[in-house]
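For reference, the structure is listed below as structure tokens.
What follows is calculated from the coordinates using simple rules that are stated; it is not laboratory data. Quick caveat: nothing in here was measured; it's all calculated off a predicted structure. All Cβ positions, glycine included, derive from the backbone under ideal geometry; neighbour counts span all protein chains shown.
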Amino acid sequence: MAAWVVFSLCAASLSLALTQTSFQVPLQPEQIHQNDSDYHQFKWPIRKVAVIGAGVSGLVAYRELVDAGLDVKIFERDEVPGGVWHYSDETQGQPPIPNVDPQVADFVPSLPPPNAPLPHVVYHNDRNDNTGVTSAERWRDHRAPHGVWASLTSNVPAPLMKFNRHEWPPGSPWNIPHLNLQRYLRSVYSFYGINANDRSPHISYNTRVELVEKRHDSFGNEHGWKLTVKKLERLSPSSCKEKWWTEDFDAVVVATGTFNGPNMPNIPGLIEWHRRYPESILHSREYRRPEMFANHSVLIVGAGPSATGIAADLNPLVKRNVLSWRQSERSNTPVVFLNLLPQGIEVVVGIHQFHPENRTIELSDGTFLSDIDEIILSTGYRYTFPFLPQYHNSSIKGNEEGPQDQPQPIVTDGTHFRSLWRDLFYIDEPTLAFINQNLNVVTFTWGENFAIALAKVWTGTARLPSRQTMWKEYRDWVASQGGYGKWLLFIKWQKQEEIVSFFSSWLNTAAYQFGGKQATPSDPNERELLNVWGRAFFANSNPVKLPSTERKQQFGGHQQQVDSLEYAHSLLAYFTSGY
Ligand SMILES: Cc1cc2nc3c(=O)[nH]c(=O)nc-3n(C[C@H](O)[C@H](O)[C@H](O)COP(=O)(O)OP(=O)(O)OC[C@H]3O[C@@H](n4cnc5c(N)ncnc54)[C@H](O)[C@@H]3O)c2cc1C
Ligand SMILES: NC(=O)c1ccc[n+]([C@@H]2O[C@H](COP(=O)([O-])OP(=O)(O)OC[C@H]3O[C@@H](n4cnc5c(N)ncnc54)[C@H](OP(=O)(O)O)[C@@H]3O)[C@@H](O)[C@H]2O)c1
């Protein structure tokens, strides 16, 4: 999450006149079961919940659902908790060029043969395996290493990157090295007895969820969800065991993070360039250290935190360091980060076309780059939930909706997800939920309130509007955001106050009415904290030479491009001027 967004939280936090101490109101069972058609009625009781993913979001979901008395089990494909914050030198390898369908942008589900008795087990030994895939490669693809590089530190201050009741030790840095975040997360998982060495029945590590489908009772009525999962056990460096089984649950929380399917942009000539120079292209997900680029000329495509962070990391070692900023309309890029780039980085405009025949790259202002050794596509990620193929439909374009007689899609072109009420509950079946999947969500602190919402709704101590009302509210919201696209899930600062206020007032009203936990109120000290952090973060701001607006207007003609430069400078002024 970009640090600048966090600043707007302080406005939200101050505006909330919330009670600072939680209180309990005795539960009145008759209040829970009001037969009120204004509210959603669940088709089956919810007792057993699956959580997919053991990162920040998996932990908050687990904690709140268990606290509410539900029987919870987490499935995690990796061998340890932490998600993005489990750093490894190992990388996943180059994603396919061009982009594959979003449904398989993370992985192609691996299922047992049809009708095979379960559990189904297969052993692999590299000595006699004729598939051409080694056990090491099976493991790497199963766990999927993330896009954190060796020198990365958090761009959100430590006081906002922590769970309630689990403080950082005194003296901890505010820009947290990723290894500290990894240790922190593991220690909190240990605190709840679900770390990898705890052997808890409530979490299954090395286990990837391959398929989530509706379950039916003996009368053919829908009744919960069936998960097909695969556990991969490494028996030796050259052998492994795969085991598939199914488990039934009443509800499912998807806590798989947002950054699983790299976006490989469809820029003219990229496919041909890749065919000719396959080793020269990588995605930011595969970047770890600058040494392998020493004395090379590198082109970084994109201007988000990955692009600017990698450019800065590379800068001392590379011969030429070029960053291409396309400045698209309705961009979410926090351009203020460009001001943090060290001297020596050339910021150029977007790419018009790759010309592999003479190894040149044509920019949209008509100039050319030559002698580029590597291209690091720091072009972000796409939404992908391969274990939910029934809710993917890439044939639906732009603002089209899915066929009315079928379940509405959750992913279409991968730029956003949809059909969720408050980005949390799948409207057509709210026993399926997604947590912390927006862009710019403050995962630790907001995540707790999202998890409390899941726990309350599923235990009947908060209520969802009727399906019809949820669709209406949702459609009004999509329209207010300007329709479907990457921007839909980007939480603009104007929206942050609304989100924090909505969840606090909804959940705390429910706590008053039905009893149970209160949502965490915002910390009034956050404003001052963010002011201090902002001053420090942007203290060494370096006004790099950005492409001039006149030139951009000649070739692009979008007012937006001019605006974004002014926007960058106004943001910088805002952050550094205090309050
Ligand atoms: C390079 C980078 C830097 C970042 N820096 C910051 C920062 O400084 N500050 C900040 O606040 N945020 C930052 N973020 C955002 C970061 O994603 C959040 O901080 C947070 O880690 C998200 O937690 P999560 O649990 O939602 O997702 P993740 O951390 O992605 O965890 C998801 C988990 O789900 C598991 N999983 C996925 N699919 C399956 C499956 N099918 N079956 C079983 N398990 C599965 C994964 O293995 C993973 O462990 C950064 C992200 C990236 C990519
Ligand atoms: N802690 C840290 O220091 C750190 C470091 C890295 C990442 N992160 C976090 O990780 C997350 C992902 O960040 P990210 O930078 O990888 O992704 P991102 O924020 O989505 O940025 C992607 C960039 O690529 C550009 N882009 C997309 N498609 C393109 C195309 N076809 N041609 C040219 N440019 C294109 C985007 O421009 P448009 O805006 O025009 O689409 C944008 O500038 C964020 O939450 C971020 O905060 C944190």
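A simple charge model with +1 on the Cβ of Lys and Arg, -1 on the Cβ of Asp and Glu and nothing else charged puts the dipole of the chain at about 620 debye relative to its Cα centre. Applying D = kT/(6 pi eta Rh) to the range 414-495, where Rh is the Kirkwood radius over alpha-carbon pairs, T corresponds to 10 °C and eta to 1.306 mPa s, the Stokes-Einstein value obtained is 119 µm²/s. Counting beta carbons within 10 Å around each of D67, D106, D413 and listing the fewest first gives the order D67, D413, D106. Using a/c under 1.5 as the rounded threshold, could you call the range 327-382 rounded, prolate or oblate? The axes a ≥ b ≥ c are square roots of the C-alpha gyration tensor eigenvalues, and prolate needs a/b larger than b/c, oblate otherwise. Verdict is prolate for the range 327-382.
Tell me, what is the percent relative contact order of the chain, built from C-alpha pairs under 8 Å that lie six or more residues apart? The partial results should precede the final answer.
On the way: 1130 pairs, mean separation 129.2, N = 579.
Relative contact order comes out at 22 percent.
Once you reduce the range 421-488 and the range 181-252 to the center of their Cα atoms, the two points are 24 Å from each other.
The ranking of E90, E286 by Cβ neighbour count inside 10 Å, starting from the fewest, reads E90, E286. At a Förster distance of 22 Å, what's the computed FRET efficiency of E498 paired with F42, Cβ-Cβ distance as r, to 0.05? With R0 = 22 Å, the Cβ-Cβ based efficiency is 0.25.
Counted by neighbouring Cβ atoms within 10 Å, the residues L232, L507 run from fewest to most as L232, L507.
Please state the shape class of the range 255-385: rounded when a/c is under 1.5, otherwise prolate if a/b exceeds b/c and oblate if not, all from the C-alpha gyration tensor.
On the way: a/c = 1.28, a/b = 1.13, b/c = 1.13.
Rounded, because the longest to shortest axis ratio a/c is under 1.5.
Between the beta carbons of T360 and K319, assuming R0 = 25 Å, the FRET efficiency works out to 0.90 to the nearest 0.05.
Would you calculate a helix-derived [θ] at 222 nm for the chain, using -39,500 (n - 2.57) for each DSSP H run of n ≥ 4 and dividing by the full residue count, to the nearest 500? Can you show the working numbers first?
Details: 13 runs with 159 residues, N = 579.
After summing the helix terms and dividing by residue count, I get -8500 deg cm²/dmol.
Take the Cβ atoms of R475 and D371, set R0 to 45 Å, and the FRET efficiency comes out at 0.30.
Listed highest first by mean packing, meaning other Cβ atoms within 10 Å per residue, what order do 383-395, 447-459, 472-484 come in?
447-459, 383-395, 472-484
Above 30 Å, the calculated P(r) of the chain contains 54 percent of its Cα-Cα pairs.
Under Stokes-Einstein, with the Kirkwood radius over Cα pairs standing in for Rh, what whole-number D in µm²/s applies to the range 80-230 at 10 °C and 1.306 mPa s? Here the translational diffusion coefficient equals 83 µm²/s. In order along the range 304-309, the phi-based Karplus estimate (6.51 cos²θ - 1.76 cosθ + 1.60, θ = phi - 60°) of 3J(HN,Hα) comes to x, x, 5, 4, 5, x Hz; Gly and Pro are listed as x. In percent, rounded to a whole number, the relative contact order of the range 66-151 is 55, using alpha-carbon pairs under 8 Å and six or more apart. Here's the picture: a label point sits 7 Å out from the Cα of E213 along the beta-carbon direction, and within the range 387-406 the residues with their amide nitrogen under 14 Å of it are 387-391. The range 345-413 and the range 89-115 have Cα centres spaced 17 Å apart.
Hey, how much of the P(r) for the range 35-87 falls beyond 18 Å, as a percent of Cα pairs?
Details: 625 of 1378 pairs.
Summing the P(r) tail past 18 Å for the range 35-87 gives 45 percent.
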